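Only one structure is covered here, and it is reproduced in the block below.
The values are calculated or read from the model by the stated rules, or taken from the named source; none is laboratory data. All values derive from a computational prediction rather than experimental measurement. Quick reminder, even Gly has a Cβ in these numbers, built from the backbone with ideal geometry, and neighbours come from all protein chains shown. The protein model used for the area step is the full one, side chains on, heavy atoms only, and it has no ligands, DNA or RNA in it. Shrake-Rupley method; radii C 1.70, N 1.55, O 1.52, S 1.80 Å.
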Amino acid sequence: MYHKRNRLLMEREKTTRENAESSRAKKKWSLNGTTALVTGGTKGIGHAIVEELAGFGAAVHTCSRNEAELNECLERWKSLNIRVTGSVCDVSSRAEREKLMEGVRSIFQGKLNILVNNAGTAIGKPSEDCTAEEYSFLMATNLESAFHLSQLAHPLLKASGAGSIVFISAIAAVLAIPNLSIYSATKGALNQLTKNLACEWIKDNIRVNSVAPGFIRTPLVQSVLEDKEATAREVSRIPMRRVAEPEEVASPVSFLCLPAASYITGQVICVDGGRTVSGF
């Protein structure tokens, strides 16, 4: 009788221990109870990131310059029971960025766990033909907006107790790609900003990383995708020999936001099928 009772106690302790370990493992791979802001989340990579983060359990807010496009996405997400809110915002405008963050502060009650600075654009043309207006627009949209939104989000991320910022850079930040000088400069600056903020803000439990996509099937490269010769030429430089889907970028972005990535900060991760290491 004594041995039987001991055996039952040992089995119960083992079950309790296994359940606790299983619970800890699940928490490492869950974003339940967290909040996230993803800029430019109505199409391409941003759209995929919104759905990926929501799939891990995060409450997500996103924004777009295009109100009709935003409303269409919100209706679709609602029909799929995906928890996403949204607002209209042109991230190139300082006043609109401030308005966006005030809305986020209100919706998430002063706390934010995740900021994904995804919104961005490109203008492809020879450097000698770029205008001052184009330079200012690209800098404001791709770099200034990401820095300013990070500043605005800092107190909310700090208040959450475990904040994560992910910048969406590009392999153009580490490779010389023709006709993309200004765009490349903005993305290169994001990579350096990643490293600086990672060191500055870790004292506030905020991790900062960057994901640099390669040739991804998004509206930004639609004109290239419609040109079969140009697509074949670019794909030939990629060891994996294919164009990637936005979801393949969203997954590493989401990973960097998970508790499982708690010791990763200041990193620039290229998601490019090997393009940046191929030597071509």
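Odds and ends about this structure:
- ILE177 falls short on exactly one of the conditions (1) free of Cβ contacts under 8 Å to residues at least 12 places away in the same chain; (2) among the β-branched types (Val, Ile, Thr); (3) part of a helix (DSSP H, G or I), and that condition is (3).
- Looking at GLY124, GLY110, just one residue is among the small types (Gly, Ala, Ser), in a loop (DSSP other than H, G, I, E, B) and closer than 30 Å to GLY273 by Cα, and that residue is GLY124.
- So PHE137, is it closer than 22 Å to SER254 by Cα and among the aromatic types (Phe, Trp, Tyr): no
- One residue stands out among those in region 78-106 that are of a type in the set (D, E, K, R) and in contact (Cβ under 8 Å) with a residue 24 or more places away in the chain: the one that is most open to solvent (accessible area, probe 1.4 Å), which is ARG83.
- Within region 246-274, considering residues that are in contact with a helix residue (DSSP H, G or I) (Cβ under 8 Å, 6 or more places away or on another chain) and among the charged types (D, E, K, R), the one most open to solvent (accessible area, probe 1.4 Å): GLU247
- Residue within region 208-220 that is of a type in the set (D, E, K, R), in a helix (DSSP H, G or I), more than 22 Å from PRO126 (Cα to Cα) and open to solvent by 20 Å² or more (accessible area, probe 1.4 Å) present: no
- Region 244-270 - residue that is over 19 Å from LEU115 (Cβ atoms) and outside any loop (DSSP other than H, G, I, E, B) and, of those, farthest from the chain's Cα centre (by Cα): ALA244
- Residue satisfying condition, being in contact with a helix residue (DSSP H, G or I) (Cβ under 7 Å, 6 or more places away or on another chain) and either in contact (Cβ under 8 Å) with a residue 12 or more places away in the chain or among the hydrophobic types (A, V, I, L, M, F, W, C) (or both), within set VAL277, VAL235, VAL221, VAL211: VAL211
- Single match in SER22, SER30, SER79 (criterion: over 25 Å from ALA159 (Cα atoms) and modelled with pLDDT of 95 or more): SER79
- When each of VAL88, VAL104, VAL84, VAL38 is tested for being in contact with a strand residue (DSSP E or B) (Cβ under 7 Å, 6 or more places away or on another chain), within 26 Å of VAL243 (Cβ to Cβ) and not hydroxyl-bearing (Ser, Thr, Tyr), the lone residue that passes is VAL38.
- Residue among SER164, SER160 that is out of contact with any strand residue (DSSP E or B) (no Cβ under 7 Å at 6 or more places or on another chain) and either within 30 Å of ALA59 (Cβ to Cβ) or open to solvent by 40 Å² or more (accessible area, probe 1.4 Å) (or both): SER160
- Candidate set: region 127-157, residues that are assigned to a helix (DSSP H, G or I) and hydroxyl-bearing (Ser, Thr, Tyr); chosen: the one surrounded by the most Cβ atoms within 10 Å (Cβ to Cβ): SER145
- Enumeration of residues in region 28-75 that are among the basic types (Lys, Arg) and either under 13 Å from the mean Cα position of the chain (by Cα) or surrounded by 13 or more Cβ atoms within 10 Å (Cβ to Cβ) (or both): LYS43, ARG65
- Beta carbons closer than 9 Å, at least 6 apart along the sequence or on distinct chains, pair a first residue in region 140-161 that is small (Gly, Ala, Ser) with a second that is assigned to a helix (DSSP H, G or I) and open to solvent by 40 Å² or more (accessible area, probe 1.4 Å) for ALA140/ARG94; SER145/ARG94.
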